[in-house]
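In what follows, a structure is listed as structure tokens, so that the remarks can point back to it.
The values are calculated or read from the model by the stated rules, or taken from the named source; none is laboratory data. Here the structure is a predicted model, which is why all the values come from computation and not from measurement. Cβ: placed from backbone, ideal geometry, glycine included. Neighbour counts: every protein chain shown.
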């Protein structure tokens, strides 16, 4: 459905993200993953729950996303996953003003994840170049977090590097 949005709709949605939204990248620990971590990208719109109708309208126009009411009186519309985030960012990028850098970094992260994933075999130990590529991506995640002034950013490139060193995947 996102392909059918008018420029006015795209400009409105981009403006909403610039003011009351976030373009996010996170590194998450996942012990069952080959590299023991996952990179998650998302776009989140925030609004007071009593004004949730605007989130419902955006969700309807986009044809994607999940709305969650939080206990603090806020609601959020989340678009999660590389494919949906990439589609949406490519459409919105020309209209973003405040979050242009985050959009560019997240698109770069998605592109690099795609090429790193191609070099990984699920049943194999990841080779050194895949591990180093993943650390490069973690560095980009840190940049997105810095731009967003993230307070809860704890799984940094340094954290993942230490984990890889502990596993003897990379040299100290």
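Observations on the model:
- Of all residues in the range 135-159, those satisfying the criterion of being farther than 17 Å from residue 29 by Cβ and assigned to a loop (DSSP other than H, G, I, E, B) are 148, 149, 151.
- Selection within the range 142-155 - surrounded by fewer than 16 Cβ atoms within 10 Å (Cβ to Cβ) and over 18 Å from residue 44 (Cα atoms): 154
- Matching residues, the range 83-97, being closer than 14 Å to residue 25 by Cβ and surrounded by fewer than 18 Cβ atoms within 10 Å (Cβ to Cβ): 86
- Test: residue in the range 1-18 that is part of a helix (DSSP H, G or I), at pLDDT below 95 and surrounded by fewer than 18 Cβ atoms within 10 Å (Cβ to Cβ): yes
- Of the residues making up the range 21-45, those that are free of Cβ contacts under 8 Å to residues at least 40 places away in the same chain and buried (at least 16 other Cβ atoms within 10 Å of the Cβ) are 44, 45.
- Contacts under 6 angstrom Cβ, first residue in the range 50-70 being within 18 Å of residue 83 (Cβ to Cβ), partner buried (at least 16 other Cβ atoms within 10 Å of the Cβ) and at pLDDT below 95, 6 or more apart: 62/2
Residue by residue, here is whether (1) without any contact (Cβ under 8 Å) to a residue 40 or more places away in the chain; (2) touching a helix residue (DSSP H, G or I) at 6+ places or on another chain (Cβ under 8 Å); (3) closer than 20 Å to residue 7 by Cβ holds:
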position	(1), (2), (3)
73	yes, yes, no
78	yes, no, no
81	no, no, no
98	no, yes, yes
106	no, yes, no
110	no, yes, no
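- Residue list for the range 98-119, filter: modelled with pLDDT of 95 or more, crowded, with 18+ Cβ neighbours inside 10 Å and over 18 Å from residue 146 (Cβ atoms): 110
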